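Engineer: Sending over a structure as structure tokens; questions will come in a sec.
The values are calculated or read from the model by the stated rules, or taken from the named source; none is laboratory data. Predicted model only: the values in this text are computed from it and were never measured. Cβ placement follows ideal geometry from the backbone for every residue including glycine, while neighbour counts extend to all protein chains displayed. Note: accessible area is taken over every heavy atom of the protein model, side chains too, but ligands, DNA and RNA are not part of it. Shrake-Rupley method; radii C 1.70, N 1.55, O 1.52, S 1.80 Å.
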Amino acid sequence: MSAIVLLVLGLAGMAGGYFVYSKFIAEKIYRLDPDFKTPAHEFEDGVDYVPTNRFILWGHHFTSVAGAAPIVGPAIAVIWGWLPAFLWVVFGTIFFAGVHDFGAIWASVRNKAKSVGALTGDVVGTRARSIFMIVIFLVLLMVNAVFAVVIAGLMMNFSSAVVPVWGAILVALIIGQLIYRRILSLPVVSVIGVVALYALIGIGPSVPIQMPAEVAGFSGNAVWILILFGYAAIASLLPVWVLLQPRDYINGLQLFIGLIILYGAIVLLNPSIVAPMVNSDVPAGTPSMLPLLFVTIACGAISGFHGLVSSGTTSKQLNKETDARFVGYFGAVGEGMLALAAILAATAGFASLADWQAMYTAFGAGGVNAFVEGGAFMIHNGLGLPEATAATLLTVMAALFAGTTMDTGLRLQRYIFQEWGDIYNQPWMKKSAPATLLAVGSCLLLAFGAGGADGTGGMIIWPLFGTTNQLLAGLTLLVITVMLVRLRRPMWYTLVPLCFLLVMTIAALLIQLRTFFNDGNYFLLFLDIVVLIAAIMVAMECAAALKRTRAEMAEQGD
Amino acid sequence: MHDDHDSGHDPRRERVRAWLSQARFFAEEVYSSRYRGAIARARRDEDDLFMLLVFSEMMGVPNPAAYYTLELQPLLLERFHDWHTRMGMERSPLDHFRCC
């Protein structure tokens, strides 16, 4: 099977989804109104509510939701063969993610741009809102712990990426100053930043930095994890313009360049996919595909995290209601394209099936490493770039994404602690420094509590991250569905994805529950039970809210 | 026609310039849109503090910030010195705030 065929089929499917299905959803289901006065105009304040050009808003939305997950998830999930991952990414983007992201923006815009958490309280009930807060906290906790492990793993396996990854932070700090102090104009700074970043990628392979196998009793991997949390804590306390803003910007530029290079390499090289279509010979210990595929690939198919961005900042900047289709649905298509690139790199970027199998020796063994090695193979053979440089390029791409998500994740987690400090009247908890310490502390507890001295607790809970994240998506879909029922519109287009997600999530949680119990892993067992209770409560809330709403509607109808 | 061409009204060049300025606008917006809120809020906080200082001075209200501004003295000293020399005063005009 040629990778180009898969690429073309995938892109055509997503394009069809955007031009046909999203148009139908926009006109018939959400019924977008170009004359509706959006909150960006109604509450325009130049701070949070700012009507924004749709292309710019798409950039904002896409770079906010694109983290490491559309790369990590698909690169792990191809262990079941390329076809299931491909189908879930393409159909998940078209029928699940697009409708979810786009719907979250619409629901928020129609409700004074409230966040999906606040909307859950208003539309579904206060109980659902409490579940929502806990689910968000768990998702953030897992994101931070998982991404620390992912980056630490990259640092250990690709020592040539250490200089560019940490150098990128220095580049961001410098360009931030150049822009903020108006020393140079933005286009000039962008060019300088990108050139500096790629120069570092060029230098990387000649100055590899290898962490010693053991430092003060900790393994090299664990030391990287500790350093990363230290960095993220400092980064999350700095003003946004110092590091986060320039870092995200340069990352966004890098993402587009990386995608062009990767897709270009595929088109020029036309590699064959060496991985099996459906892998019947999975390594021992690989969980069953049926529920796990749908929670392993979250971003790239459907991800609850997107609902937070859609209703948090994007909806406050929407210029016209009809722009929601482009920003939300096309944002999901962007993620799908990234996931498609990850699938192709992790299945077509190997010389033979034996090479591929050598990488996928256990569940979770492939992941980012497969993406980096496979992608580097294709770029080397397709574009003629040295393999070490290509590997560094892709490692930097993955690590920078995970890094910025960690910065933001830790910042958001700090906000949650500060909010809890406010609710429970704990003045010390409202201050930034103690709240940050609590956020970092809880992440470290997860990383080292579940993963032992190696600090890899984040990776062990990766499938749990998927379920928690999908639960969040379920809650958002629930809000949208209840709204649609109240408006007497067809609800199946959101109710079917919602039911599918809940069934898969609960099934995955039950399977994992048994595994954790058999392994005697009580920490994960506890977390699993917490998420399971939340999932069942969401399902019950869903049934109750729909029943209540339908009853109300029937009463009004009489 | 010829003159127009020479004086920089080449329509192609104009188009490129317009395109570049559009690209620059987009780049700047993409750079700032994600953090526009946070930065605008920080700027507004600064403005609020400034307003508090100016109004309390104008209205003769004892300024609660005055006590804390004492801490700023080492930071402001150099700028204060630059200011009074620029204003044509060789020495600090304030008896209680001497910098040189």
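Engineer: In contact with a Gly (Cβ under 9 Å, 6 or more places away or on another chain) and open to solvent by less than 50 Å² (accessible area, probe 1.4 Å): does that describe A:Pro39?
Structural biologist: So A:Pro39 fails the test.
Engineer: Can you pull out every residue in the stretch B:52-73 that is under 18 Å from B:Leu94 (Cβ atoms), at pLDDT 75 or above and open to solvent by 100 Å² or more (accessible area, probe 1.4 Å)?
Structural biologist: Once the filter is applied, which keeps residues that are under 18 Å from B:Leu94 (Cβ atoms), at pLDDT 75 or above and open to solvent by 100 Å² or more (accessible area, probe 1.4 Å), the stretch B:52-73 yields only B:Glu57.
Per-residue answers, yes or no, for (1) aliphatic (A, V, I, L, M); (2) more than 23 Å from A:Gly409 (Cβ to Cβ); (3) in contact with a strand residue (DSSP E or B) (Cβ under 8 Å, 6 or more places away or on another chain):
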{"site": "A:Leu446", "(1), (2), (3)": "yes, no, no"}
{"site": "A:Ala453", "(1), (2), (3)": "yes, yes, yes"}
{"site": "A:Thr456", "(1), (2), (3)": "no, no, no"}
{"site": "A:Phe465", "(1), (2), (3)": "no, no, no"}
{"site": "A:Asn469", "(1), (2), (3)": "no, no, no"}
{"site": "A:Ala473", "(1), (2), (3)": "yes, no, no"}
{"site": "A:Ile480", "(1), (2), (3)": "yes, yes, no"}
{"site": "A:Leu484", "(1), (2), (3)": "yes, yes, no"}
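Engineer: Exactly one condition in (1) open to solvent by less than 30 Å² (accessible area, probe 1.4 Å); (2) under 30 Å from A:Val116 (Cα atoms) is not met by A:Arg325; state its number.
Structural biologist: (1)
Engineer: Moving on. Is it the case that some residue within the stretch B:9-24 is under 18 Å from the mean Cα position of the chain (by Cα), within 14 Å of chain A (Cβ to nearest Cβ), assigned to a helix (DSSP H, G or I) and under 30 Å from A:Ala40 (Cα atoms)?
Structural biologist: no
Engineer: Go through the stretch A:518-558 residue by residue and tally those that are aromatic (Phe, Trp, Tyr) and surrounded by 14 or more Cβ atoms within 10 Å (Cβ to Cβ).
Structural biologist: 1
Engineer: Would you mind finding the one in A:Thr93, A:Thr120 that is buried (at least 24 other Cβ atoms within 10 Å of the Cβ) and either in contact with a strand residue (DSSP E or B) (Cβ under 9 Å, 6 or more places away or on another chain) or under 24 Å from A:Leu290 (Cα atoms) (or both)?
Structural biologist: Criteria check complete, one pass: A:Thr93.
Engineer: Being open to solvent by less than 60 Å² (accessible area, probe 1.4 Å) and hydroxyl-bearing (Ser, Thr, Tyr): is that true of A:Thr505 here?
Structural biologist: Answer is yes for this residue.
Engineer: Further question on the same structure: I need a count of the residues in the stretch A:467-506 that are within 22 Å of the chain's Cα centre (by Cα) and farther than 16 Å from A:Cys542 by Cα. Before the answer, list the steps.
Structural biologist: Let us first name the residues in the stretch A:467-506 that are within 22 Å of the chain's Cα centre (by Cα), namely A:467-480, A:494, A:497-506.
Imposing the further condition that a residue be farther than 16 Å from A:Cys542 by Cα reduces the set to A:467-469.
Qualifying residue count for the region: 3.
Engineer: Considering only the stretch A:474-493, state which residues are of a type outside the set (Lys, Arg), open to solvent by 60 Å² or more (accessible area, probe 1.4 Å) and assigned to a helix (DSSP H, G or I).
Structural biologist: A:Trp492, A:Tyr493
Engineer: Look through the stretch A:311-333, keep the residues that are part of a helix (DSSP H, G or I) and within 14 Å of another protein chain (Cβ to nearest Cβ), and return whichever of them is farthest from A:Phe55 (Cα to Cα).
Structural biologist: Selected residue: A:Gly312.
Engineer: Inside the stretch A:288-316, can you point out the residues that are surrounded by 20 or more Cβ atoms within 10 Å (Cβ to Cβ) and either free of Cβ contacts under 8 Å to residues at least 40 places away in the same chain or more than 26 Å from A:His60 (Cα to Cα) (or both)?
Structural biologist: In the first step, residues of the stretch A:288-316 are kept if they are surrounded by 20 or more Cβ atoms within 10 Å (Cβ to Cβ); the result is A:291-311, A:313-316.
Residues satisfying the conditions are A:Pro291, A:Leu292, A:Leu293, A:Phe294.
Engineer: Which of the residues that make up the stretch A:26-83 are within 11 Å of another protein chain (Cβ to nearest Cβ), among the β-branched types (Val, Ile, Thr) and closer than 23 Å to A:Leu340 by Cα?
Structural biologist: Matches in the stretch A:26-83: A:Thr63 only.
One line per residue, one yes/no per condition, for (1) under 30 Å from A:Arg488 (Cβ atoms); (2) open to solvent by less than 60 Å² (accessible area, probe 1.4 Å); (3) assigned to a helix (DSSP H, G or I):
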site: A:Val8; (1), (2), (3): no, no, yes
site: A:Tyr18; (1), (2), (3): yes, yes, yes
site: A:Tyr21; (1), (2), (3): yes, yes, yes
site: A:Lys28; (1), (2), (3): yes, no, yes
site: A:Asp48; (1), (2), (3): no, yes, no
site: A:Ile56; (1), (2), (3): no, yes, yes
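Engineer: Of the residues that make up the stretch A:430-447, is at least one open to solvent by 30 Å² or more (accessible area, probe 1.4 Å) and not in a helix (DSSP H, G or I)?
Structural biologist: Yes, the conditions are met somewhere in the stretch A:430-447.
Engineer: Quick one: how many residues across the stretch A:345-382 are of a type in the set (A, V, I, L, M), open to solvent by 20 Å² or more (accessible area, probe 1.4 Å) and under 21 Å from the mean Cα position of the chain (by Cα)?
Structural biologist: Filtering the stretch A:345-382 down to residues of a type in the set (A, V, I, L, M) leaves A:345-346, A:348, A:351, A:353-354, A:358-359, A:362, A:365, A:368, A:370, A:372, A:376, A:378-379.
This time we only want the ones that are open to solvent by 20 Å² or more (accessible area, probe 1.4 Å), so: A:351, A:353-354, A:358-359, A:362, A:365.
Now drop any that are not under 21 Å from the mean Cα position of the chain (by Cα), which leaves A:365.
Of the residues in the stretch A:345-382, 1 are of a type in the set (A, V, I, L, M), open to solvent by 20 Å² or more (accessible area, probe 1.4 Å) and under 21 Å from the mean Cα position of the chain (by Cα).
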